[in-house]
Amino acid sequence: MASGSPSLLEEELSCPVCSEIFRDPVVLSCSHSFCKACLQQYWDQKGSLDCPVCRRRSSKELPLINLSLRNICEAFLKERSQRAKAGSEVFCSLHSEKLKVFCLNDQIPICVICQISKKHENHKMRPVQEAAEEYKAKLRTALAPLQEKLEAFNAVKLICDQTAEHIKSQAQHTERQIKMEFEKLQQFLKDEEAARITALREEEEQKSRMMKEKIEKMTEEISSFSEQIRALEQEVGAEDVSFLQCTLGDPEKVSEVLIDVAKHLGNLKYRVWEKMLGIVQYTPVTLDPNTAHPILSLSEDLTSVRCSDEGQQVPDNPERFDWQWCVLGSEGFSSGRHCWDVEVGGEVWLVGVVTESLSRKGCVDESPAGGVWSIELYDGEYRALTSPPTLLTVQRDLQRVRVQLDWDRGEVSFSDPSDNTLLYTFKHSFTERLFPIFSSVETLRICPLKVSVSVK
């Protein structure tokens, strides 16, 4: 029987009280039947033995079990259960026949009686099984791209999950580094504070000792003068006039014994800041860890790079190189002149600049045509990566390379900073932002600049 509204037979086999198929049906003297439990509950609520349908009073408190109705209900339930288990065997709601035919015009399964009815006259028909197989094939065809998309979404979600974890790890690591750097600064300030207070205490002790010695000397001189005064007072009464020849010296003046407050407080913040330059470094380029190939390991201060023993677990974000062992600088340039020195080492390295739009995935075209202007040491040869590469002549092995970018003039120059020997100059009309690029098997380091303070 098709799902939906109940059939006439099902209605006839339903209890008037609960509207379900009879369970343990009992019959009253008025011939109305009910579930035994439903009838008892009704009587308990009403407090009388009335029939729930016709309201006639039952003559018996224990109505008779309707055996025939119970057998019919059990048979019906058993058949319905078997139909439900059959699953594919759905029945026509109008004729209670199996749906064996599929109407292509109306796109519904019908029974053989419906097939010959006027409603489906001249309609195209297919056996249900054949139509089902045809639609399953269409669904499988439509399902394939959906499954591919699902796999793509799952892959992206996995990357998102990994990225979320990496963001958390990055934040925690960066927070630790920030705290460490500020602890170093705080320790410097504490040490400087302690040193200056110690200097003040030493000056206080020195000058206090000087004053103590002066006070002791003055006390001795005062005592001596007092003795001389008493002696003179005695001689005043005598006839001897030799006292007229007595001379007394003036007391020594006290000078330069106060704390030199100006020395300790004058321009204090500036002096501390000036001294702080000894522990502060500035590099014109810092590396961007979010662009580094997983095999590369960056220093904590993001100024050096080298190959690690094994790849790191990092997200495959669009900015990251996944083929070339490269890393970019964190800041791009779209105007002006810029310069940075790179300490190179080992047998394989590359330095230069690349366009912002350079694809980081797959093999990179390391030439101006691909948006790369660089020089390298590879297989024992120094080369400018033109197309084809240009061999460079060097007098001795390079220890440092200076990269000079003049974006406005369209020049990228490479030189040896030890003697300012020009190695190679690229010329190009730049139209987009350029980023420094670095690659090395062994350690490659961006050299810090000397920091100075000038007062105007």
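Taking a straight line from the alpha carbon of LYS119, these lysines sit under 25 Å away, with near neighbours fewer than eight places off in the same chain left out: LYS98, LYS100.
Taking amide H positions as modeled 1.01 Å from N, with prolines and chain starts lacking one, the residues under 5 Å from THR421 and 5 or more places away or on another chain are ASP416. Rounded to whole Å, the principal axis extents of the Cα atoms in region 29-83 read 41, 20, 18, largest first.
By a straight-distance test (C-alpha under 13 Å), which aspartates and glutamates pair with LYS217 as possible cross-link partners, with residues fewer than eight away in the same chain excluded? Here the aspartates and glutamates satisfying the reach criterion relative to LYS217 are GLU252. Mean residue ellipticity at 222 nm, helices only, the chain: -12500 deg cm²/dmol; runs of at least 4 DSSP H residues each add -39,500 (n - 2.57), and the sum is divided by the number of residues.
Remark: the chain carries a charge dipole of roughly 4280 debye about the Cα centre, counting +1 on each Lys and Arg Cβ and -1 on each Asp and Glu Cβ.
Taking amide H positions as modeled 1.01 Å from N, with prolines and chain starts lacking one, no residue 5 or more places away or on another chain lies under 5 Å from VAL53.
Peptides 449-455, 53-59 ranked from most to least packed, by the mean per-residue count of other Cβ atoms within 10 Å: 53-59, 449-455. In order along region 331-336, phi translates into HN-Hα couplings of 10, x, 10, 10, 5, x Hz, rounded to whole numbers, per the Karplus curve 6.51 cos²θ - 1.76 cosθ + 1.60 with θ = phi - 60° and x for Gly and Pro.
Over the alpha-carbon set of the chain, divide Rg by the Kirkwood Rh and report the Rg/Rh ratio to two decimals.
Here the Rg-to-Rh quotient is 1.47.
Across all Cα atoms of region 332-454, the radius of gyration (one decimal) and Dmax (whole number) stand at 14.2, 48 Å. For region 13-122, dividing the convex hull volume of the Cα atoms by the residue count gives 144 Å³ per residue.
Within the same chain, aspartates and glutamates fewer than 8 places from LYS124 are excluded, and of the rest, those with a Cα less than 19 Å from its Cα are ASP106, GLU133, GLU134.
The alpha carbons of region 143-241 occupy a box of 142, 12, 12 Å along the principal axes, longest dimension given first. Over 18 Å apart at the Cα level, from the set LYS36/LYS78; LYS184/LYS450; LYS207/LYS263, are LYS36/LYS78; LYS184/LYS450.
Please work out the Kirkwood hydrodynamic radius for region 276-384, using every pair of different C-alpha atoms, and report it in angstroms with one decimal place.
15.3 Å
In terms of packing, defined here as the mean over residues of other Cβ atoms within 10 angstrom, the peptides 13-26, 94-107 line up highest first as 13-26, 94-107. Dividing the mean sequence gap of close Cα pairs (under 8 Å, 6+ apart) by how many residues region 88-164 holds gives a relative contact order of 20 percent. Karplus-derived 3J(HN,Hα) values for region 321-329, using 6.51 cos²θ - 1.76 cosθ + 1.60 with θ = phi - 60°, are 6, 10, 10, 6, 7, 10, 8, 9, x Hz; glycine and proline are entered as x.
Here the 3J(HN,Hα) profile of region 406-414, calculated from phi with Karplus coefficients 6.51, -1.76 and 1.60 at θ = phi - 60°, is 10, 4, 5, 8, x, 10, 10, 10, 10 Hz, Gly and Pro shown as x. Backbone amide hydrogens, once placed in the peptide plane, bring GLY352 within less than 5 Å of ILE437, excluding anything fewer than 5 places away on its chain. With the whole protein complex present, CYS114 retains an accessible surface near 10 Å², based on a 1.4 Å probe.
Heavy-atom accessible area with a 1.4 Å probe sorts VAL236, VAL272, largest first, into VAL236, VAL272.
The values are calculated or read from the model by the stated rules, or taken from the named source; none is laboratory data. For clarity, every value in this text was computed on a predicted model and none was experimentally measured. A quick note on method: Cβ atoms are made from the backbone with ideal geometry, for glycine too, and the neighbour counts reach across all protein chains shown. Remember, those area values only see protein heavy atoms, side chains included, never the ligands or the DNA or RNA. Shrake-Rupley method; radii C 1.70, N 1.55, O 1.52, S 1.80 Å.
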